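To keep things clear, I will list the structure first and then write my remarks on it.
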Amino acid sequence: MKLPGTATQPENIQIAMGKLDIGKGMLFLDIGCGSGAVSLAASRYTDRIYGIDRRHEAVEASRSLVPGGNFICGEAVDVIPGLPDVDRCFIGGTRDIERFLPSLRERAAPGFRLVVDVARIGMTSKIVRLVEDHFTLEEVIQINIFRGYRLAGDIALKPVNPIFMIVGRGD
């Protein structure tokens, strides 16, 4: 199912999994869960998967892909306060992040880790400041993926939407 928005590329998901360092039994939260691809990757490490998306079709897609997960349709700012403590969180949906990040901080378990994927430069600067306000900023990286395709008997590279990855942790 094709959902509006930009899907998280498989390579970005694998980098995020490495940065999150999800352990067995940890609670993983996927904000803006979309197709469920990030939650599916996280389910290889833990069976405690939660996802939030404002789009009903995204929640249904995630439920289909990760049947054991708990996927909730709603606004993150409204859903997060009712969740158990969160060990690891991936944010792919950044709308209203300034509203839900304080709630996420309240639900953050000891040792909490966070990854935020962002496509826009201005939004990256804003989210870096927000992460610094609520968590400890570890790093900001830019990821560029190029996919090969045949051209005139050779291989050329076409860029895929570059992203910024913001990594933070709780104290």
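The values are calculated or read from the model by the stated rules, or taken from the named source; none is laboratory data. Note that the structure is predicted; figures quoted are calculated from it, not measured. When we count neighbours, we look across all protein chains shown, and the Cβ atoms used for this are built from the backbone with ideal geometry, even at glycine.
Below is a table of values for the structure above.
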{"quantity": "In segment 89-112, residue surrounded by the most Cβ atoms within 10 Å (Cβ to Cβ) [restricted to those that are at pLDDT 95 or above and within 25 Å of Val160 (Cβ to Cβ)]", "calculated": "Phe90"}
{"quantity": "Any strands (runs of 3 or more DSSP E) falling wholly within segment 103-171 and containing at least 1 residues that are touching a Cys at 6+ places or on another chain (Cβ under 9 Å) and of a type outside the set (A, V, I, L, M, F, W, C)", "calculated": "108-118"}
{"quantity": "When residues of segment 89-102 are limited to those that are of a type in the set (Val, Ile, Thr) and outside any loop (DSSP other than H, G, I, E, B), the one farthest from Gln14 (Cα to Cα)", "calculated": "Ile97"}
{"quantity": "Top-ranked residue of segment 1-40 - restricted to ones that are hydrophobic (A, V, I, L, M, F, W, C) and modelled with pLDDT under 95, ranked as nearest to the chain's Cα centre (by Cα)", "calculated": "Ala7"}
{"quantity": "Considering residues of segment 132-159 that are hydrophobic (A, V, I, L, M, F, W, C) and exposed (fewer than 10 other Cβ atoms within 10 Å of the Cβ) only, the residue nearest to Asp117 (Cα to Cα)", "calculated": "Ile155"}
{"quantity": "Residue ranges of helices (runs of 4 or more DSSP H) in segment 4-88 with at least 2 members over 22 Å from Pro110 (Cα atoms) and among the small types (Gly, Ala, Ser)", "calculated": "37-42, 56-65"}
{"quantity": "Qualifying residue in segment 59-68 (condition: in contact with a helix residue (DSSP H, G or I) (Cβ under 9 Å, 6 or more places away or on another chain), surrounded by fewer than 23 Cβ atoms within 10 Å (Cβ to Cβ) and either under 15 Å from His134 (Cα atoms) or of a type in the set (D, E, K, R) (or both))", "calculated": "no"}
{"quantity": "Contacts under 7 angstrom Cβ, first residue in segment 59-86 being on the phi > 0 side of the Ramachandran plot, partner surrounded by 21 or more Cβ atoms within 10 Å (Cβ to Cβ) and modelled with pLDDT of 95 or more, 6 or more apart", "calculated": "Gly74/Ile52"}
{"quantity": "Residue within segment 115-133 that is under 20 Å from Ala42 (Cβ atoms) and in contact with an Asp or Glu (Cβ under 8 Å, 6 or more places away or on another chain) present", "calculated": "no"}
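Conditions (1) of a type in the set (A, V, I, L, M); (2) closer than 26 Å to Gly23 by Cβ, marked per residue:
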position: Asp78; (1), (2): no, no
position: Val86; (1), (2): yes, yes
position: Asp117; (1), (2): no, yes
position: Arg129; (1), (2): no, no
position: His134; (1), (2): no, yes
position: Gly153; (1), (2): no, no
